[in-house]
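A.B. asks: Dumping the structure here so I can ask a few things about it.
Read-outs throughout are calculated quantities, based only on the coordinates presented, and are distinct from any laboratory measurement. Keep in mind that this is a model prediction, so the values were computed, not measured. Methodologically, a virtual Cβ is constructed for each residue, glycine included, from the backbone with ideal geometry; neighbour enumeration extends over all protein chains shown.
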Amino acid sequence: MNERTTLEIIAPTVEEALAQGLSQLGLPADAVSVEVVDAGTKGLFGLGGRQVRVRLTVHGPEGAPPVVTESAPASKPEPKPAPVKKAKPKEEAAPVPPVDAPETPKAEVHDALLDTTEAVVSKLLHLLRMQGQVSAHYTDESTEDRRNIHVDIRGEDLSLLIGRHAETLNAFQYVASLMVGKEAQQWVQLVVDVEGFRSRRERQLKQLANRMADQVMKTGRRGSLEPMPSNERRIIHLELRGHPAVTTESTGEEPHRKVVVIPKDS
């Protein structure tokens, strides 16, 4: 029985341990299973803590693939030739045009950066003991110098990955961006979405912005929205940027910074 190769790595974080282990093994992330043996501890003010310990197990047996040999087919008796019948002379038939052979379907072309992104996000989900279908594609803003990738995660019981005001999802997105960028040796901007949450939230924020603008127009007084993270405030600003009667500004300190809608004639 072939033993499966395992490697234990000790590092400050799970992500660093995973990156070091994959580098030593010379394997992609989807070729190993990851087990967090020791999650470590944080010391006082970052000092005296215990580092994490991660075990990587290579999938499948090692070694060269088995050689497959083909046995010679059993000899069969040669069939006797059928008697040839003389056909009556017929009119010469018109030549049949050759039929083009069906085209062989081309193999699907995989993008290495997208494959790496899907593998990294899947591995992070595994470390969080979550399951989901991960797909990645380039956004319209992506260029050769700056890669913008949208990652969609589908599955059940993923609400914990979103968190309050998407704080958990934003942190997950940040870590995934760093890991993919390190693997690809280039800056990669990821937008990670779970079950279309960000799309639904964007529609809600745009509706909220327009309702607040209508209210400000009717009352002639400023209107304040609830505190929200910078990416959501940006959606409000962009939605009302060309509004004829109101303008917007952000006030307050993080994490309580919010958008204020102001009448233009005030």
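A.B. asks: Run through the range 231-266 and list the trypsin sites (Lys or Arg not before Pro) located in a DSSP loop whose Cβ has at most 16 other Cβ atoms within 10 Å.
C.D. replies: On the way: sites: Arg233, Arg234, Arg241, Arg257, Lys258, Lys264; in loops: Arg241, Arg257, Lys264.
Taking the range 231-266 and a limit of 16 other Cβ atoms within 10 Å, the loop trypsin sites (Lys or Arg not before Pro) found are Arg241, Arg257, Lys264.
A.B. asks: For the range 147-161, take each phi angle, set θ = phi - 60°, evaluate the Karplus expression 6.51 cos²θ - 1.76 cosθ + 1.60, and give the result in whole Hz per residue in order, putting x for glycine and proline.
C.D. replies: Coupling constants for the range 147-161: 8, 10, 10, 9, 10, 10, 10, 10, x, 10, 6, 9, 5, 5, 6 Hz.
A.B. asks: List every residue whose amide H lies under 5 Å from the amide H of Ser142, counting only residues 5 or more places away in sequence or on a different chain, with H placed 1.01 Å from N in the peptide plane.
C.D. replies: Asn148
A.B. asks: Find, among the chymotrypsin sites (Phe, Trp or Tyr not before Pro) in the range 153-192, those assigned to loop by DSSP (not H, G, I, E, B) with at most 13 other beta-carbon atoms within 10 angstrom. Mind showing how you got there, number by number?
C.D. replies: Values: sites: Phe172, Tyr174, Trp187; in loops: Trp187.
Those satisfying the criteria are Trp187.
A.B. asks: Taking H as built 1.01 Å from N, whose amide H comes closer than 5 Å to the amide H of Val52, not counting residues under 5 places away?
C.D. replies: Amide H neighbours of Val52: Ala11, Thr13.
A.B. asks: While we're looking at this one, here's another question. Highest mean first, how do 220-226, 207-213 rank when packing is the count of other Cβ atoms within 10 Å averaged over residues?
C.D. replies: Working: 220-226: 13.4, 207-213: 17.3.
So the peptides 220-226, 207-213, ranked by packing, come out 207-213, 220-226.
A.B. asks: Hey, another quick one. Given H placed on each backbone N at 1.01 Å, which residues far from Val188 in sequence or on other chains put an amide H within less than 5 Å of it?
C.D. replies: HN-HN under 5 Å from Val188: Gly181.
A.B. asks: Using the Karplus curve 6.51 cos²θ - 1.76 cosθ + 1.60 with θ = phi - 60°, what ³J(HN,Hα) values do you get for each residue of the range 125-131, in whole Hz, with x for Gly and Pro?
C.D. replies: Coupling constants for the range 125-131: 4, 4, 5, 8, 6, 10, 10 Hz.
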